[in-house]
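Worksheet for the structure shown next.
Rule-based calculations on the coordinates, nothing more; no lab input. Owing to the predicted nature of the structure, the values given are computational and were not obtained by experimental measurement. In this analysis, Cβ positions are derived from the backbone assuming ideal geometry, glycine residues included, and neighbour counts consider all displayed protein chains.
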Amino acid sequence: MKTTRSTAPAPTAQDEYTVDVFTVVNGAPVQWRVDTRTTLLEALRDSSGLTGTKRGCDQGACGACTVHVDGARVVSCLMLAAQVDGRQVTTVEGLIDEEGRLHPLQEAFVRHDAFQCGFCTPGQLMSAVCLLREGRAGSDAEIREYMSGNLCRCGAYDNIVAAVREAAGGGA
Amino acid sequence: MTATKPDLGTWVGKGIDRVDGPHKVTGTAPYASDVTLPGMVHAVVVTSTVGAGTITKIDTSALLTLPGVRAVFTHENFPRLNPSPDVLFGEAPTAPLQDGRITFHGQEVALVVADTSQEATEAARLIEITYAAEAPLLDPAAGQPEPLPLSPDTSRGDTEAGWAAADVRIGATYRTPENTNNPLGLMGCVAAWDGDHLEIHDTTQGTIALRKTLAAMFGVPESGVRVRVPYLGGGFGAGLNQWPYKLLAAGAARELGRPVKLMLTRPQMFRLVGHRPDTEQQVRLGATRDGTLTMIEHRATVLSSIDFLAVGLITSGTGHLYACPNVATVERTVRLNRRYPTSMRAPGEAEGNWAIETAMDELAYELGMDPLELRLRNLATDLDPASGKPWSSNGVIECCRVGAELFGWSRRDPRPSSMREGDLLLGWGMAAAGFFAYLPMSQARVTVYADGTAAVRSAATDIGTGTYTVITQLAADLLGLHPQQVDCRLGDSDMPASAQSGGSGLASSLSNAVIDAVSHLQGELLTLAGADSPLHGLGPDDVVCRDGALCRRDDPSVRVPIADLLAGQGLVEMSGDGRLRPPDAAAAGMVHAGAYGARFVEVAIDPMIGRLRVRRVVSVTDGGRILNRKLARSQILGATVGGIGQALFEDTLTDPGTGRVANGTFGDYLVAVSADVPDVEVVFVGEPDRYTPSGTKGIGEIGLVGVAAAIGNAVHHATGRRMRDLPITVDQLMM
Ligand code: FES
Ligand code: FES
């Protein structure tokens, strides 16, 4: 994972339980004054109102909260908000382009019905975007292996694999 | 029912994309956990650390001095609630915090409310509770068996005579463990009062049952309670009941005069919102040499909690699948100091089918007969063997034949361990499946507007099954519109009442309500047509809506624009209300059939390390009329994943000393992940069902039924070892 820090100042402790965090979320600078115990997941959802990122376990075991930090996928429930100070965060809300068009993976997910309740979907998408970037979509087996950190209790796995395969250029 | 058969076929059946898809892939679909209201505070549930006994002391004074903490509710200060009303799927398990009694480990004992969830969580950790603990009753053998109201004993013929007449007999005991529904969305709610009005954003599968419960227990008018669930992160049964957390949030919100948000944690999801309870089942089968069944006996014991009974239904399908003259089913439950049971995807059938379809495979081997052949010889497709009346439809034989063909079953060498690939043992197994028919009441309203668009409204929920989409398609066909001209809104108890999504009953129930609503809408529109109208004097079923006009059914060129009909009376919209009108079964002369299926599975087992992979699944389903091929396939795919989980992984463990859940996290409770699942071949067969105008059957659950037994039977074929206890784990497979 890339850990290069920007020139932003270190998080400033206000009092025992409060910290100021300067970060960039989906390309826009953001400042959070949060409880030191606040996770990245909570800051995104509660402080920035970016509720697309979901909480399925809060224990790093389901992948629903997957976001990108400096381009790498992380489970945001296991990272403190203070840890992203000076770093770049991308959430599902950041996948659409400036004109509001869906990312090709989002389109592929819809076309292949790669979700049912939709609760795991933001996390699946964020993992899949990284997986493509990492060049891990070489075969169905590889996609399945590298998507297995994202639980889908509705069981949409076959369709998720089909969507990722298509987005990777392997066709439907 | 409506006299005329609806014209379906332009949009119904087509595999259009999910209409709510764009919301779901952009993260903009609002789930209860996403709701924030002004002045909202956060509640965290504190749970018991003993499995039975009473609370003797809760000291909350120190907590109230912690930053942000606003209140701590215990049985000493939580409002007294009225008794729970009887709603579908049972009453609320127990009203929370009414006394200090503990009936299971992990039960709700206090509620901490603070300005932030961090503050509430921290305070909840520091609470000090003293218990007079008792030894929890955890051994089923020490409990008192009692009957289950929904699963009465059944008997036909004479099973002992059938046993005596049999040439070949088998009898064995089968077990299924506790499984936890674990929808990915954590359950919870945001509750807000305005005087006697309550609005709650929740994760229930049934908005109306929750409305009724809240109104009755808080003593407020049902008309003032609004339950909103536009989206929920799955349910699989966990959202069917009126769980205590909802009452806790509503009670706290009323006391504090502020909106309260309460989200359960994943470990709490293992304790507070139900599970598929453990079963132990005894099956005896007898058959003549040619494979004709002479008797079936199915006995099941299912575990319950002290105050809340399991649904059961373990044995209720047994007498209907096979044409056997002598059948007896007996089902009992035992109340233990265990957490609340509930329905989990394919309740009862998932467990009962495991026993019966494994036993059928055992019988086939005793007979030296092909397991598929044994099914085909005995499956009852024309008449329901219990009543002797014809089924409204039954495609189970077709499921078996089509599945066998696609799978290549005829190439199977029946001898165990006979099929290999390198060092791997291959096993081919199959199972037949049925799921009961269930048709609860639903209502819907269909509205047309002067601009030619239309809306459907109902309090039903879409838990991921695709209700929004299939109802949009159905309404598009009924109104002669494009789906983009139809707006379907659900998940709000202020809309026409609907059944819960559960029991595989909603699609049929709601689609027939929509058909009825359109018929009424046409009747209303006709009243607007004056004496000079070409439609004057026609009845509601003599006309259809097409492209924004009301037309003669037999000559659509005779048409009046709906906009003109409305404008003539100064109207801007017109609605028709409809409801399910179930046929009188006796008058209809048929038995309402559920969905059927057949599952064919290939497993590969590495005997050195006991590793099992499911390599191939062919899943064939008779689901009646399919409303959307793409989404229907997804239902079967998802249920297959659930079935693989049931077969190989899912096992909620209870510590035998304390009654505590021993593996209540996603790290410890295993579910199937992408790498565990092969490409599943999904096929639908059968005809539109004759029982209702929509011709639909429920398909949310049937896909799970039979998967575990087909896997277990495949394991036997691969290894010669008979699997009777789920889940099938490595230690059972090491050679
Ligand atoms: S919520 Fe973060 S991994 Fe489950
Ligand atoms: S779509 Fe429901 S958990 Fe994946």
Notebook entry, point to check: Do any GluC sites (Glu not before Pro) in the stretch A:69-172 lie in a DSSP loop with no more than 10 other beta carbon atoms within 10 Å, and if so, which?
Noted result: A:98, A:99
Checklist line | Overall dimensions of the protein assembly as shown as given by Cα atoms, namely Rg and Dmax in Å | finding: 27.9, 87
Notebook entry, point to check: For the stretch A:67-120, which trypsin sites (Lys or Arg not before Pro) are in a loop by DSSP, counting at most 11 other Cβ atoms within 10 Å?
Noted result: A:101
Notebook entry, point to check: For the stretch B:317-334, what does the Karplus curve 6.51 cos²θ - 1.76 cosθ + 1.60, with θ = phi - 60°, yield as ³J(HN,Hα) per residue in whole Hz, taken in order and with x for Gly and Pro?
Noted result: x, 4, x, 10, 7, 10, 7, 10, x, 10, 9, 9, 10, 9, 9, 10, 10, 10
Notebook entry, point to check: Other chains near B:668-674: what is the mean number of their Cβ atoms within 10 Å of each residue's Cβ?
Noted result: 6
Note to self: So for the protein assembly as shown, if I pair up every lysine 8 or more residues apart or on another chain, how many of those pairs have alpha-carbons under 20 Å apart?
What the structure shows: 11
Note to self: With just the Cα atoms defining each centre, how far is the stretch B:397-417 from the stretch B:667-724? Give it in Å.
What the structure shows: 15 Å
Checklist line | Helix-only CD estimate at 222 nm, as mean residue ellipticity for chain B, using -39500 (n - 2.57) per DSSP H run (n ≥ 4) | finding: -7500 deg cm²/dmol
Item checked: Within the stretch B:85-192, trypsin sites (Lys or Arg not before Pro) in DSSP loop having at most 11 other beta-carbon neighbours inside 10 Å -> none
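Would you calculate a helix-derived [θ] at 222 nm for chain A, using -39,500 (n - 2.57) for each DSSP H run of n ≥ 4 and dividing by the full residue count, to the nearest 500?
One gets -6000 deg cm²/dmol as the mean residue ellipticity at 222 nm.
Considering only DSSP beta bridges with both partners in chain B, what is the antiparallel share in %, to the nearest 5?
Details: 100 of 131 bridges.
Of those bridges, close to 75 percent are antiparallel.
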Notebook entry, point to check: Hey, what angle do you get for helix A:121-133 against the long axis of chain A, alpha-carbon based, 0 to 90 degrees rounded to 10?
Noted result: 80 degrees
Item checked: 5 angstrom amide H check on residue B:131, placed H, neighbours 5+ away -> B:56
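So which helices of chain B fit the span-like rule, where a helix is a whole DSSP H run, its Cα atoms reach 20 Å or more along the axis, and its mean Kyte-Doolittle is at least -0.5? List each step's numbers first, then the result.
Working: long enough: B:349-367 (26 Å, -0.35); B:506-528 (33 Å, 0.85); B:629-648 (28 Å, 0.35).
Span-like helices here: B:349-367, B:506-528, B:629-648.
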Note to self: Just to check I understand the Karplus step: with θ = phi - 60° and J = 6.51 cos²θ - 1.76 cosθ + 1.60, what whole-Hz values come out for the stretch B:169-183, glycine and proline as x?
What the structure shows: 9, 9, x, 7, 10, 10, 10, 10, x, 5, 10, 10, 3, 6, x
Item checked: the stretch B:166-192 and the stretch B:495-569: distance between their alpha carbon centers, rounded to Å -> 43 Å
Next item on the list: Assuming a ≥ b ≥ c are the square roots of the Cα gyration tensor eigenvalues, decide whether chain B counts as rounded (a/c under 1.5), prolate (otherwise, with a/b larger than b/c) or oblate.
Entry: oblate
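Inside 10 Å of the C-beta atoms of A:120-128, what's the mean count of C-beta atoms belonging to other chains? Mind showing how you got there, number by number?
Details: counts 5, 9, 5, 2, 2, 4, 1, 0, 0.
Mean inter-chain Cβ contacts per residue within 10 Å come to 3.
With both partners inside the protein assembly as shown, how many of the DSSP beta bridges are antiparallel, as a percent to the nearest 5? Don't skip to the answer; put the middle values down first.
Working: 118 of 151 bridges.
Antiparallel bridges: around 80 percent, rounded to the nearest 5.
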